[in-house]
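K.L.:
Here it is, the structure, as structure tokens.
The values are calculated or read from the model by the stated rules, or taken from the named source; none is laboratory data. On a predicted model such as this, the values are computed, not experimentally measured, just so you know. Note: ideal-geometry Cβ built from the backbone for every residue, glycine included; neighbour counts use all protein chains shown. Side chains are part of the model used for accessible areas, which takes the heavy atoms of the whole protein and leaves out ligands, DNA and RNA. Shrake-Rupley method; radii C 1.70, N 1.55, O 1.52, S 1.80 Å.
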Amino acid sequence: MPKYTDALRGYAHPILKRDGYKCRYCGLDGTLWPNWLFLSWDHLLPVGHPQRENPDFIVAACRFCNEAHNRKVYEVEGMTPEQLVEQKKPFVLAKRAEYRQFYDREVNPEQVSKEK
Ligand SMILES: [Zn+2]
């Protein structure tokens with residue numbers, strides 16, 4: 001197999017595979033095409049933390065969830081990877097809900113009216 005240097009096929013692939021190719025925050029299913037293209041890895045610990053590059057502290061996340069939060073609000077010391085994900089999740093899901101409201105209003109209002 002060729003050696004890949006990109007995230008999806010290369011360095012992030014073992015993490016994405018471990019997490020079943022699913023975003024740990026919103027559950028986006030990366031086993032489906034083209035969802036897989038939108039997966040990334042999310043470092044749970046801040047730059048400079050000694051465990052930052054430990055794979056246990058890196059999880060699969062879609063690109064939106066990966067970027068939809070402010071790390072500064074989190075406490076990280078002594079927390080497990082699962083606790084770190086659970087701590088971040090409400091912030092990520094709140095941001096997604098904000099974007100969904102905008103989408104429903106501005107991007108696809110007909111779809112909303114059909115569903116209601
Ligand atoms: Zn996501």
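K.L.:
Any idea what log10 I(q)/I(0) is at q = 0.15 Å⁻¹ for the range 7-115, Debye with uniform C-alpha scatterers and no solvent?
P.N.:
-0.68
K.L.:
When only DSSP loop residues count, what GluC sites (Glu not before Pro) in the range 1-106 have their Cβ near at most 16 other Cβ atoms within 10 Å?
P.N.:
Working: sites: E53, E67, E75, E77, E82, E86, E98, E106; in loops: E53, E75, E77.
Filter output for the range 1-106: E53, E75, E77.
K.L.:
With a 1.4 Å probe and every protein chain kept in, tell me what percent of the accessible surface of the range 7-115 is carbon plus sulfur.
P.N.:
Values: 3800 of 6890 Å².
Answer for the range 7-115 is 55 percent, counting heavy atoms of protein chains only.
K.L.:
Here is a follow-up. Quickly estimate the mean residue ellipticity at 222 nm for the chain, helices only: each DSSP H run with n ≥ 4 gives -39500 (n - 2.57), and the total goes over all residues, rounded to 500. Mind dumping the intermediate values first?
P.N.:
Numbers: 4 runs with 40 residues, N = 116.
The helix-only estimate for the chain comes to -10000 deg cm²/dmol at 222 nm.
K.L.:
Among L45, A7, A61, which residue has its Cα furthest toward the positive end of the charge dipole of the range 1-64, with +1 on Lys/Arg Cβ and -1 on Asp/Glu Cβ?
P.N.:
Farthest towards the positive pole: A7.
K.L.:
A further question follows. Just how large is the dipole of the chain about the Cα centre, in debye to the nearest 20, putting +1 at every Lys and Arg Cβ and -1 at every Asp and Glu Cβ?
P.N.:
So the dipole magnitude of the chain works out to roughly 180 debye.
K.L.:
Could you please put K89, K17 in sequence from largest to smallest accessible area, using a 1.4 Å probe?
P.N.:
These residues rank, largest area first, as K17, K89.
K.L.:
Can you sort M79, M1 by 1.4 Å-probe accessible area, starting with the largest?
P.N.:
M1, M79
K.L.:
Need one number: nm distance between label points at W33 and N108, each 7 Å from Cα along Cα→Cβ, rounded to one decimal.
P.N.:
Inter-label distance under the simple model: 2.1 nm.
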